[in-house]
1. With the requirement that a residue be in contact (Cβ under 8 Å) with a residue 24 or more places away in the chain and small (Gly, Ala, Ser), what does the range 43-65 give you?
2. Name the residues in the range 42-83 that are over 12 Å from Tyr30 (Cα atoms), among the hydroxyl-bearing types (Ser, Thr, Tyr) and not in a loop (DSSP other than H, G, I, E, B), would you?
Amino acid sequence: MKQDDVVRTTRARRGRHSRRNASTDMGVKYARRGKGQSTRDLLRVKSNPARGQYVFDQKTGTYTFSRSDIGRQLIISSAVSTS
């Protein structure tokens with residue numbers, strides 16, 4: 001089942017967001033900030049994400065973002081296990 005979360009990365013989370021039972025990453029976008037502004041996809045990388053990039057750990061369901069994206073609102077899409 002596809003599920004979208006709108007989250008804001010915070011210093012307390014150190015650029016991490018965990019999603020319980022996430023089994024498949026379906027992408028991350030910057031959320032729109034105002035009327036007429038479009039979303040932009042972040043690029044998935046294997047490690048050490050820079051601004052506009054993220055890492056997804058399939059075993060733990062944890063998304064990791066760059067420190068320079070802290071405070072940005074993001075839309076995280078993933079498939080979650082229902083069992």
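1. Passing the criteria: only Gly61.
2. Selection gives Thr62, Tyr63, Thr64, Ser68, Ser78.
Quick note: the coordinates plus some simple rules give every number you see, no bench work behind them. All values reported here derive from a predicted model rather than from experimental measurement. In this analysis, Cβ positions are derived from the backbone assuming ideal geometry, glycine residues included, and neighbour counts consider all displayed protein chains.
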